[in-house]
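Rule-based calculations on the coordinates, nothing more; no lab input. Predicted model only: the values in this text are computed from it and were never measured. Counting neighbours? That spans all protein chains shown, and the Cβs are built from the backbone with ideal geometry, glycine included.
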Amino acid sequence: MCISILRVAAVLFGLMSSQVQAGEVRVAVAANFTAPVQQIATLFSKESGHTVKLSFGSSGKFYSQIQNGAPFDVFLAADEKYPKLLEKEGLAVSGTERVYAVGKLVLWSAKPGLVDANILRKGSYNKLAYADPKLAPYGLAAKETLEAMGLWDKVQSRLVTGESITQAYQFAATGNAELAFVALSQVTKEGKINEGSWWLVPTNLYRPIRQGAVLLSAAKDPVAARAFLAFLKGEKSSAIIRSYGYELP
C-alpha cells in the first residue's frame with residue numbers, strides 16, 4: 001500500500017514538474033518561412049513540452065516592432081541585417097545570431113506555361129508583384145534582380161508592391177498580378193513546385209539571402225527560447241527546411 005502511494009506520488013510529482021518547466025516561446029517569423037516553421041514548431045512542442053506562439057510578417061516591420069518593445073523571444077528574419085542590428089542595439093543577446101537557412105528567389109505565376117526565363121525581357125505581362133524592398137529582404141532581392149537585368153526603370157508602371165512576401169504571393173495567386181517575385185519556399189511542397197509556372201532566378205543576380213535567427217534580450221522564457229533555437233539546428237528541422245527549397249548554411 002505504502003509503495004503504491006509512493007509510486008503515485010512520484011508520478012504526480014513528475015507531471016507537476018514537467019508542467020512547471022514547460023514554457024512558451026514567442027517567435028517573430030519572416031513571412032517566407034511560414035510553412036516550414038509551422039512544422040518545426042509542432043515537432044518542437046511535441047518533444048519538449050514547450051508551446052510556440054508564431055507571428056508572421058515582414059522582417060523590417062518586426063525589426064521596428066522589437067525596437068518599440070514588442071513581446072517576442074526569438075526573431076527569425078529573412079536576412080542577417082536586422083538580427084545583427086538588434087545585437088548591436090542591445091535588443092538581442094550578443095553571440096546568438098546565426099544563419100538558419102539560405103533562401104532562393106523565384107518568379108512565379110499561377111498560370112501554367114506563362115513563365116520562362118525571357119518573360120521579363122519580352123514584357124508579355126501587365127502586372128508584376130514583389131515585396132517592399134524597404135521592409136522585405138526578398139523584395140530587395142527582386143529589385144536587385146531587375147537592376148542586374150537592366151529592367152528596373154522599365155517595369156515601374158507594372159509593379160505591384162506588397163508589404164510582405166506573403167502579400168506579393170497573394171497578388172499572383174489571386175490573379176491581381178500575372179507574375180510575382182516570391183520565395184521558393186512559398187511555392188514548394190515536398191521538394192517540388194506543383195502549381196503554375198516559374199523561373200528560378202539565378203543566384204548571381206541578387207545578393208545571397210542568408211536568413212538570421214537571434215535570441216531577443218527581452219525573452220520572457222530564455223530557457224525555452226534557447227531550446228527552440230537549438231532545435232532549429234537539429235536534423236529534423238534541417239530536413240524540413242531543405243524540403244522547402246532552402247539551402248543550409
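Summarising the overall dimensions of the range 104-205 from its C-alpha atoms, the Rg and Dmax are 12.0, 37 angstrom.
To the nearest 20 debye, what is the magnitude of the charge dipole of the chain about its Cα centre, counting +1 on the Cβ of each Lys and Arg and -1 on the Cβ of each Asp and Glu?
Working: 27 positive and 20 negative charges, 34 e Å.
Its charge dipole is roughly 160 debye.
Please state, rounded to one decimal and in Å, the Kirkwood hydrodynamic radius that the chain gives when every pair of distinct Cα atoms enters the mean of 1/r. Intermediate values should be presented prior to the final figure.
On the way: mean 1/r = 0.0518 Å⁻¹.
Computed over the chain, the radius equals 19.3 Å.
Taking only DSSP H segments of four or more residues, each worth -39500 (n - 2.57), what value at 222 nm results for the chain once the sum is divided by all its residues, to the nearest 500 deg cm²/dmol?
-11500 deg cm²/dmol
Taking amide H atoms as placed 1.01 Å from N in the peptide plane, the amide H of residue 52 lies under 5 Å from those of 25, each 5 or more residues away in sequence or on another chain.
I need the chymotrypsin sites (Phe, Trp or Tyr not before Pro) found in the range 76-146, filtered to DSSP loop residues with at most 11 other beta carbons within 10 Å of theirs. Let's see the in-between values first.
Values: sites: 100, 108, 125, 130, 138; in loops: 125.
Loop-located and lightly packed - none at all.
Suppose we flag GluC sites (Glu not before Pro) only when DSSP calls them loop and at most 16 other Cβ atoms lie within 10 Å. Which is the longest uninterrupted stretch of the chain?
Working: sites that count: 89, 190, 195.
Here the longest segment lacking exposed loop sites spans 90-189.
For the range 140-249, just say rounded, prolate or oblate: build the C-alpha gyration tensor, square-root its eigenvalues into a ≥ b ≥ c, call rounded for a/c under 1.5, and beyond that prolate if a/b exceeds b/c, oblate if not. It comes out prolate by the Cα gyration axes.
From least to most packed, judged by other beta carbons within 10 angstrom and beginning with the fewest, 210, 26 follow the order 210, 26.
When you filter the trypsin sites (Lys or Arg not before Pro) in the range 137-173 for DSSP loop state and at most 13 other Cβ atoms inside 10 Å of their Cβ, you are left with 154. Residues 34, 51, 145, ranked from the fewest to the most other C-beta atoms within 10 Å, line up as 51, 34, 145.
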